[in-house]
Amino acid sequence: MILIAVLVYGFIFGSFINALIWRIHQQSLDSDHSADKALLSIVSGRSMCPNCRHILAPKDLIPVFSWVFLKGKCRYCKSKISWQYPVIEIITAAIFLCYYLFWPDTFVGFGLVLFILSLIIVTGLIALAIYDLKWFLLPSKIIYVTLVFVIIYRIFFILSGHSILNSLFNIFWGILFGGGLFFVLYLISKGQWIGGGDIRLGALIGVLIGGPVDALIFLFIASLMGSLISLPLLAVKKYNRRSIIPFGPFLIMAAFVVQIFGSAIVSWAKNNYLIP
């Protein structure tokens with residue numbers, strides 16, 4: 001039952017991510033139209049077709065199934081609805097399921113609270129990854145709201161019995177490695193290699209995962225993922241050296257890996273490479 005509930009919430013939050021990134025992007029385009037602000041409000045705005053903006057009925061909002069039933073078209077204007085919508089819903093549900101299956105803590109007390117907060121943070125990070133892939137931008141609105149939940153996560157992490165000083169030490173090193181390195185790269189390249197959003201995202205993830213070892217593993221995995229994907233694209237000339245390749249999604253994928261498997265990776269490295 002819990003597994004099914006996690007999947008259902010994953011689909012629901014995936015649907016929310018689709019609406020969130022579309023609304024934030026539309027707000028940036030319609031910033032001078034006050035009449036559209038209420039319509040595009042993330043808090044009070046009703047779900048609508050992204051093409052004709054007709055308000056959707058509840059039967060149109062069932063994740064994945066509504067898109068399949070309507071054959072990828074709007075019920076009202078018959079315009080095509082991007083396959084992005086069901087794909088993001090499925091990906092979010094799959095990530096939620098992975099967090100449930102491999103969660104390194106318990107599901108009672110503080111462990112349950114941390115798990116729920118992690119899923120909320122995951123939602124924000126997925127939204128950032130999709131937005132960066134589509135529009136090469138990491139919106140501050142999503143970063144700052146997600147950071148609030150990361151700070152709450154850290155507070156409950158300390159309340160669950162972890163040392164305050166040790167936690168603050170880990171947060172400091174997480175920010176230093178996560179955001180500081182990108183800040184240096186930003187200064188060296190004058191913003192050509194790394195954007196300001198990557199700095200903020202790196203610092204956010206640094207607070208989330210904490211600790212110098214986890215932060216280094218995070219940076220290594222993100223760089224490895226980036227290389228494994230970008231180098232073949234360069235080799236087949238899908239991209240060139242001047243092409244913009246968003247780094248945010250790699251940072252976010254690496255954060256997921258470290259948050260779930262960080263302790264296991266550190267233990268494996270110590271056992272196999274005699275790391276103290």
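The values are calculated or read from the model by the stated rules, or taken from the named source; none is laboratory data. Every value quoted in this text rests on a predicted model; they were computed, and no experiment measured them. Quick reminder, even Gly has a Cβ in these numbers, built from the backbone with ideal geometry, and neighbours come from all protein chains shown. Side chains are part of the model used for accessible areas, which takes the heavy atoms of the whole protein and leaves out ligands, DNA and RNA. Shrake-Rupley method; radii C 1.70, N 1.55, O 1.52, S 1.80 Å.
Okay, here's what the table says:
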{"read-out": "Pairs where the first residue, in the stretch 203-231, is of a type in the set (D, E, K, R) and the second is at pLDDT below 90 and open to solvent by less than 50 Å² (accessible area, probe 1.4 Å), C-beta under 6 Å, 6+ apart", "value": "Asp214/Gly262"}
{"read-out": "Qualifying residues in the stretch 175-190 (those that are aromatic (Phe, Trp, Tyr) and open to solvent by 70 Å² or more (accessible area, probe 1.4 Å)) - the one modelled with the lowest pLDDT", "value": "Tyr186"}
{"read-out": "Lone qualifier among Leu216, Leu224, Leu231 - being modelled with pLDDT of 90 or more and open to solvent by 60 Å² or more (accessible area, probe 1.4 Å)", "value": "Leu224"}
{"read-out": "Complete set of residues in the stretch 192-212 that are at pLDDT below 85 and open to solvent by 80 Å² or more (accessible area, probe 1.4 Å)", "value": "Gln192, Trp193"}
{"read-out": "Any chance Gly191 is touching a helix residue (DSSP H, G or I) at 6+ places or on another chain (Cβ under 8 Å) and of a type in the set (Gly, Ala, Ser)", "value": "no"}
{"read-out": "Exclusive hit being in contact with a Gly (Cβ under 9 Å, 6 or more places away or on another chain), of a type in the set (Phe, Trp, Tyr) and farther than 21 Å from Ala264 by Cβ, set Phe177, Phe149, Phe96, Phe156", "value": "Phe149"}
{"read-out": "Subset tally (residues that are open to solvent by 70 Å² or more (accessible area, probe 1.4 Å) and under 30 Å from Arg23 (Cα atoms)) for the stretch 128-174", "value": "10"}
{"read-out": "Test: residue in the stretch 57-70 that is closer than 22 Å to Trp135 by Cα and touching a residue at least 24 places away in the same chain (Cβ under 8 Å)", "value": "no"}
{"read-out": "Some residue of the stretch 108-129 being farther than 29 Å from Met1 by Cβ, assigned to a helix (DSSP H, G or I) and in contact (Cβ under 8 Å) with a residue 40 or more places away in the chain", "value": "yes"}
